[in-house]
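The values are calculated or read from the model by the stated rules, or taken from the named source; none is laboratory data. All figures in this text were calculated on a predicted structure; none of them were measured in a lab. Cβ placement follows ideal geometry from the backbone for every residue including glycine, while neighbour counts extend to all protein chains displayed. Just the protein is used for accessible areas: all its heavy atoms, side chains included, with ligands, DNA and RNA removed. Shrake-Rupley method; radii C 1.70, N 1.55, O 1.52, S 1.80 Å.
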Amino acid sequence: MGSKRRTPSVKDIWRLVLAVIGVIAVIQELRKPPDERTWHGKVADIVPYDFRLPTIERVRTTYWNPEGPALSARVFGVGWAPNFGVLARWFGKRQAEGERPSDLSTADV
């Protein structure tokens with residue numbers, strides 16, 4: 001009876017990488033004195049993490065902040081989150097540029 005091993009997908013590998021980074025983040029926080037633990041920061045000054053309880057304000061500023069960055073630290077967990085406010089602003093700007101009267105083609109030839 002042969003057992004077939006499934007080749008890990010990119011999604012599986014990404015989940016493993018994020019889990020390892022999450023463990024490193026927890027260890028990083030636990031190595032600090034208790035009064036200095038913030039439970040948010042970056043691993044290797046690159047990957048953001050936040051293990052604090054999410055607040056409505058942080059959810060709003062993370063996922064809908066048209067003036068903020070396109071990617072920001074997740075509200076909870078490890079990695080980045082998309083800022084839909086910026087995406088909507090970019091999409092709206094592109095729509096407005098695409099609908100200029102000078103750009104419209106006419107069949108009045």
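Key figures for this structure:
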| quantity | calculated |
| --- | --- |
| Percent accessible area from carbon and sulfur atoms, segment 1-64, protein chains only, probe 1.4 Å | 65 |
| Set of lysines with alpha-carbon distance to K11 below 23 Å, sequence-local pairs under 8 removed | K42 |
| Rg to Rh quotient for segment 1-89, alpha carbon positions, Kirkwood Rh | 1.12 |
| Estimated [θ] at 222 nm from DSSP helical runs (n ≥ 4, -39500 (n - 2.57)) normalised by residues in the chain, nearest 500 | -13000 deg cm²/dmol |
| Formal net charge of residues neighbouring E29 (Cβ-Cβ distance under 13 Å; K, R +1; D, E -1) | +2 |
